[in-house]
1. Assuming Tyr143 fulfils every condition listed in (1) modelled with pLDDT of 90 or more; (2) assigned to a helix (DSSP H, G or I); (3) crowded, with 16+ Cβ neighbours inside 10 Å apart from one, which condition is it?
2. Out of the residues in region 79-100 that are in contact with a Gly (Cβ under 9 Å, 6 or more places away or on another chain) and either in a strand (DSSP E or B) or at pLDDT below 75 (or both), state the one that is surrounded by the fewest Cβ atoms within 10 Å (Cβ to Cβ).
3. Got at least one residue in region 121-129 being on the phi > 0 side of the Ramachandran plot, surrounded by fewer than 16 Cβ atoms within 10 Å (Cβ to Cβ), assigned to a loop (DSSP other than H, G, I, E, B) and not charged (D, E, K, R)?
4. Out of everything in region 171-201 that is more than 16 Å from Gly135 (Cα to Cα) and loosely packed, with under 15 Cβ neighbours inside 10 Å, what residue ends up being modelled with the highest pLDDT?
5. Looking at Glu136, is it surrounded by 12 or more Cβ atoms within 10 Å (Cβ to Cβ), out of contact with any strand residue (DSSP E or B) (no Cβ under 7 Å at 6 or more places or on another chain), more than 28 Å from Gln91 (Cα to Cα) and among the acidic types (Asp, Glu)?
6. Restricted to region 195-234, and to residues that are part of a loop (DSSP other than H, G, I, E, B) and among the acidic types (Asp, Glu), which residue is farthest from Leu151 (Cα to Cα)?
Amino acid sequence: MSQLWARLTVICFLLMIFAPPLYQVCRETAEKGRAAEAGVLKLLPGRSRLKQVRGVRDAGRLFARPEEIKAFERRIEDGQYLSRALRPWVQYALTVWLDTGNEKALTGRDGELFYSEEIRALTAGEAARGEAAAGEILKLRRYLASRGAELIVMPVPNKAYIYPERFGGAAAGEVQDPSLDLLLQELKKEGCAVCDLSPLFRRNRDRDLFLKCDTHWTPYGLSLAAESLAGMLGACDGSAEEKEVRV
């Protein structure tokens, strides 16, 4: 009996490996011109290019360029019939039944969704990212100043930074973002105008500032940000209406 189960396991494993590409080939063969357009033969040099080879340098140009290989891989990924058919169901199962989310969204408490990159940014503790970002922003500020424009930076706090307990924290509280702290420190040290929304959002965290299933602000969160920025513009120039503002 053990040998029978072992053979069945091997057969199932081989079917899982070979069935998707075989199905893909059959579908592409049924569609006229699809296999020739997206197949691997597209990356190989034709007879006319082979005749032009006169030395090692010409032979090196026969190989596909990295961007061509990446484009081919994207076409393969986008053209997978089984993947396109199964992906929505797998994502639904991961999100609704297993509460794990997918590559871009993670599930918090009560079905609230969080952008996976913002969770990684908060848990990585990479303060150097803030310093690097500050350097690029200050370069932009100097360029704008040379053209008579003033830069105002408004870092946008993410949902997990304001509501850590909604993602999975034991209790409400403030989380630290070393990269954001260093970014604000470097910008303020150089005299760059900064409209920091984090304290304002934290003071109003008893209300919903973000949509439950998205990273965008609610109308209330948007109004808070707009009022804060408008107040800063008025304080900088006396009146926000008298100054041309571009966002």
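The values are calculated or read from the model by the stated rules, or taken from the named source; none is laboratory data. Nothing here was measured: the structure is a model prediction, and the numbers come from that model. Glycine also receives a Cβ, built like all others from the backbone with ideal geometry; neighbour counts cover every protein chain displayed.
1. If we test Tyr143 against (1) modelled with pLDDT of 90 or more; (2) assigned to a helix (DSSP H, G or I); (3) crowded, with 16+ Cβ neighbours inside 10 Å, just (3) comes out false.
2. Here the residue is Val96.
3. yes
4. Per the criteria, the residue is Pro199.
5. Values: surrounded by 12 or more Cβ atoms within 10 Å (Cβ to Cβ): no; out of contact with any strand residue (DSSP E or B) (no Cβ under 7 Å at 6 or more places or on another chain): yes; more than 28 Å from Gln91 (Cα to Cα): yes; among the acidic types (Asp, Glu): yes.
No; evaluated as a whole, the condition is false for this residue.
6. Asp206
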